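Reviewing the structure listed below.
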Amino acid sequence: MSRVAVLTSGGDAPGMNAAIRAVVRSGMAQGFEIFGVVGGFTGLINGQFSRLGLRDVGGIIGRGGTILGTTRCEPLKTQAGQIAAVERMRGHDINDLIVIGGSGSQIGAYELSKRGLGVVGIASTIDNDLVGSDTTIGAMTALDVALEAIDRLRVTAASHKRVFLVEVMGRDSGHLALSAGIAGGAEAIVIPEIEVDPETVAQEIRASYERGKSHAIVVVAEGARYNAEGLARFFNEHVQRLGFELRATTLGHIQRGGAPGVFDRMVATRLGAAAIEHLRSNSRGVVLGIVDGRVASTDLSAVIGGKRPLDMHLFDLAAILAR
């Protein structure tokens, strides 16, 4: 019976547990013995393996986070850490590893694959910026949470005639901010991919006021040069008149928690099962994602160091719709 290890790494994302469940149940159906790695790559280096059975993953499909735990592992970036991880796998007679995580996690997966491990990655990050996947595990649920927050803030903004600067997560990617801004009807969107002068944002807010709007919402990506707090500080120090009273709100990690929606449960389940199929057919060294609605594989070497580009047509569309 072949042994396979599965781990979750980097930031937690709603749907990770659904992927773990699919790996375990699909793997056992194909005759694999599945081991969970507790604590991500840190647990791998420390040899923290736990055998997983059918009942171990019962009832977890709707739970947020990850039952295996996750860390950001600096030692894996070193030669010593990578060698230790491989030795721990070999010591437990495990040759294949499934890595559920985002870009940083897949870089770690790539380094281990170069050292002889059979590795299959699963695209999972709320940032939705991984090359090789149109949508990653957790992104849609995080977007739903951000949108609900924006809708609620808009009610208060309208009641008090305010402008809210709403900061969403996404690291150095604007995917989440752009989608949340369009879906939430934002008057302006600030993302890292496009350098925007704060005065330009102020002009857009003033224009909204002059068009007769009673309030305004500006969605800001956390990785933008001026985040929500930075924009608020600039406006308070340098802008004489916006037309609205100003408030800044940072949504933060609330976007990563909670139960995954149906879309993320389905994506995670499909990708988890597909990871087992790839191991069964001796296809390794790839990251699995969703492209044009289908499961697709991308070579790990093509994923690392890249970032899925933003659809700039959507940014232009957002400006039109904000009028």
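The values are calculated or read from the model by the stated rules, or taken from the named source; none is laboratory data. All values derive from a computational prediction rather than experimental measurement. Here the Cβ is made from the backbone with ideal geometry for all residues, glycine too, and neighbour counts use every protein chain on show.
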Worksheet item: Under the condition of being out of contact with any Asp or Glu (no Cβ under 9 Å at 6 or more places or on another chain), crowded, with 16+ Cβ neighbours inside 10 Å and hydrophobic (A, V, I, L, M, F, W, C), which residue from region 53-80 is modelled with the lowest pLDDT?
Response: CYS73
Worksheet item: Among the listed residues ARG256, ARG308, which satisfies the condition of being basic (Lys, Arg), farther than 18 Å from ASP134 by Cα, surrounded by 14 or more Cβ atoms within 10 Å (Cβ to Cβ) and at pLDDT below 95?
Response: ARG256
Item to complete: For region 87-97, indicate whether the set of residues that are at negative phi, charged (D, E, K, R), without any contact (Cβ under 8 Å) to a residue 40 or more places away in the chain and surrounded by fewer than 23 Cβ atoms within 10 Å (Cβ to Cβ) is non-empty.
Response: yes
Worksheet, complete the sentence: Of the candidates ARG247, ARG270, the one satisfying the condition of being closer than 28 Å to GLY223 by Cα, buried (at least 16 other Cβ atoms within 10 Å of the Cβ) and either at pLDDT below 95 or over 16 Å from the mean Cα position of the chain (by Cα) (or both) is ARG247
Item to complete: Select from region 221-256 the residues that are in a helix (DSSP H, G or I) and either hydroxyl-bearing (Ser, Thr, Tyr) or under 22 Å from GLY64 (Cβ atoms) (or both) and list them in ascending order.
Response: GLY252, HIS253, ILE254, GLN255
Worksheet item: Within the bounds of region 205-226, is there any residue that is closer than 30 Å to HIS160 by Cα, of a type in the set (Lys, Arg), in contact (Cβ under 8 Å) with a residue 40 or more places away in the chain and in the same structural domain as GLY181 (by TED's automatic domain parsing)?
Response: yes
Practice prompt. Among residues belonging to region 66-124 that are among the charged types (D, E, K, R) and in contact with a Lys or Arg (Cβ under 9 Å, 6 or more places away or on another chain), point out the one that is nearest to ASP264 (Cα to Cα).
Written response: ASP96
Item to complete: Would you confirm whether any residue within region 31-50 is free of Cβ contacts under 8 Å to residues at least 12 places away in the same chain, over 27 Å from GLY257 (Cα atoms) and not in a helix (DSSP H, G or I)?
Response: no
Discussion item. Just to be sure I understand, how many residues within region 273-305 are surrounded by fewer than 13 Cβ atoms within 10 Å (Cβ to Cβ), modelled with pLDDT of 95 or more and in a loop (DSSP other than H, G, I, E, B)?
Written reply: 2
Discussion item. So for region 202-209 (the condition being among the basic types (Lys, Arg), in a loop (DSSP other than H, G, I, E, B) and in contact with a Lys or Arg (Cβ under 9 Å, 6 or more places away or on another chain)), does at least one residue qualify?
Written reply: no
Worksheet item: Of ILE83, ILE107, which residue is in a helix (DSSP H, G or I), surrounded by fewer than 22 Cβ atoms within 10 Å (Cβ to Cβ) and within 21 Å of the chain's Cα centre (by Cα)?
Response: ILE107
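The rows are residues; the columns are (1) assigned by TED's automatic domain parsing to the domain that holds GLY289; (2) in contact with a strand residue (DSSP E or B) (Cβ under 6 Å, 6 or more places away or on another chain); (3) among the basic types (Lys, Arg); (4) within 19 Å of GLU222 (Cα to Cα).
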position: LYS114; (1), (2), (3), (4): yes, no, yes, no
position: GLY118; (1), (2), (3), (4): yes, yes, no, no
position: ILE126; (1), (2), (3), (4): yes, no, no, yes
position: ASP129; (1), (2), (3), (4): yes, no, no, yes
position: LEU153; (1), (2), (3), (4): no, yes, no, yes
Item to complete: Search region 132-170 for residues being surrounded by fewer than 19 Cβ atoms within 10 Å (Cβ to Cβ) and in a loop (DSSP other than H, G, I, E, B), and hand back the single one that is farthest from the chain's Cα centre (by Cα).
Response: LYS161
